[in-house]
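Worksheet: the structure to be examined is printed underneath.
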Amino acid sequence: FAVNKKKRSASTLIQFDDIGGQEVAKQELREAVEFIKDSSRLSHLGIRPIKGVLLNGPPGTGKTLLAKAAAQFTDSVFLSASGSEFVEMYVGVGAQRVRELFQSAKSLAKQQRKDSAILFIDELDILGGKRGQNAGNAEYDQTLNELLVQMDGLSFDDSIKILIIGATNRIDILDSALLRPGRFDRHVKVELPDKKGRLHILRLHTKNKPLASDVSLETLARNTFGFSGAHLESLTNEAAILALREEKVTITSEHFQSAIDKVIMGEKLDRRPNT
Ligand code: ATP
């Protein structure tokens, strides 16, 4: 298993300001990662380090962006993996991958002369579902055990501090051992954006797009109940493609309306108002 460091550490240049809405999540995550910056003071007070933060929320709401912004904020290297990469048929392979991932975090940090690393594990529920449920699946249990062992081994005194950020939308199926103090004991909820959040996200994603004067982002934000950040990004892109097809130089309100329909048809969105 060759860890693709290039891919795993790609594009970390995301800042909290590049993330629309999610004000509570941004604030909570910022607080949780502060310790990386100030570890000697916390260590002096005998406060144990935070090892794991769990981002919990629906797909496309910006969990990966938040983890990347946390890495930028703390001047850490960023590595990412998905829970599904650890699911293997042969006993011991998944556990080996977990060890390699932690090792890669350390070597990448050394290489880049940083003293901290943020390791992002998307779809944590695939790797960290309740043990013993897949009867006799020793491989599965070993992989999760290895993650627990690696997390338990992290300390303030390590020359390179590692924080694990896990993402899931199924916190209910996570093994309780993962949620114990000293593991993923900080939980940050990442919700679908409300109207204000949607407006913020639309502004970010239309920053470099020529909008016709009939486009009201306020109206678009109102008309996109149930859209995630990823849907809104897709909406702005689709609208631009429609304008291109019609050989227009600006994106009109009509393009946006057609793009909304397209996104809604593409996904069976739950469009119950949340604000
Ligand atoms: P998944 O659970 O499916 O992995 P996620 O919650 O990690 O999704 P991201 O990968 O962070 O979601 O978001 C996907 C894309 O959607 C981003 O690259 C970005 O273009 C857009 N996006 C999502 N949320 C936001 C947001 N809050 N602000 C700006 N863009 C966003």
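Only the coordinates and a few stated rules stand behind these numbers; no lab work does. Note that the structure is a prediction, hence the values are computed from the model and not measured. Ideal geometry is used to build each Cβ from the backbone, glycine not excepted, and the neighbour counts take in all protein chains shown.
Of note:
- Prolate/oblate/rounded label for segment 68-108 (Cα gyration tensor, a/c 1.5): oblate
- Normalised by residue count, the chain yields a Cα convex hull volume of 150 Å³ per residue.
- For the chain, modelled as a GNM whose springs connect Cα atoms under 10 angstrom apart, the maximal fluctuation among LEU204, LEU45, LEU79 occurs at LEU45.
- Segment 14-89 and segment 160-191 have Cα centres spaced 11 Å apart.
- On Cα atoms only, tilt of 23-37 relative to the major axis of the chain in degrees: 30
- Spatial offset of segment 91-127 relative to segment 224-265 amounts to 37 Å, using the alpha carbon center of each.
- For the residue pairs LYS63/LYS189; LYS26/LYS114; LYS37/LYS161; LYS37/LYS189; LYS26/LYS209, the C-alpha atoms sit more than 18 angstrom apart in LYS26/LYS114; LYS37/LYS189; LYS26/LYS209.
- Excluding exposed DSSP-loop GluC sites (Glu not before Pro) (at most 13 other C-beta within 10 Å), longest clean stretch of the chain: 1-245
- With 0.36 nm allotted per residue and the present C-alpha distance subtracted, the ASP75-ILE47 stretch has 7.9 nm of extension available.
- Straight-line reach from LYS262: taking Cα to Cα under 18 Å and skipping same-chain neighbours fewer than 8 places apart, the aspartates and glutamates in range are GLU233, GLU238, GLU246, GLU254, ASP270.
- Sparse-neighbour loop sites [chymotrypsin sites (Phe, Trp or Tyr not before Pro); segment 146-248; at most 15 other C-beta within 10 Å; DSSP]: PHE156
- Separation of the ASP172 and LYS110 label points, Cα + 7 Å toward Cβ, nm: 4.5
- Length gained on full extension, LYS196 to ASP158: 9.5 nm, using 0.36 nm per residue less the C-alpha separation.
- Degrees, to the nearest 10: 195-206 long Cα axis against longest axis of the chain: 80
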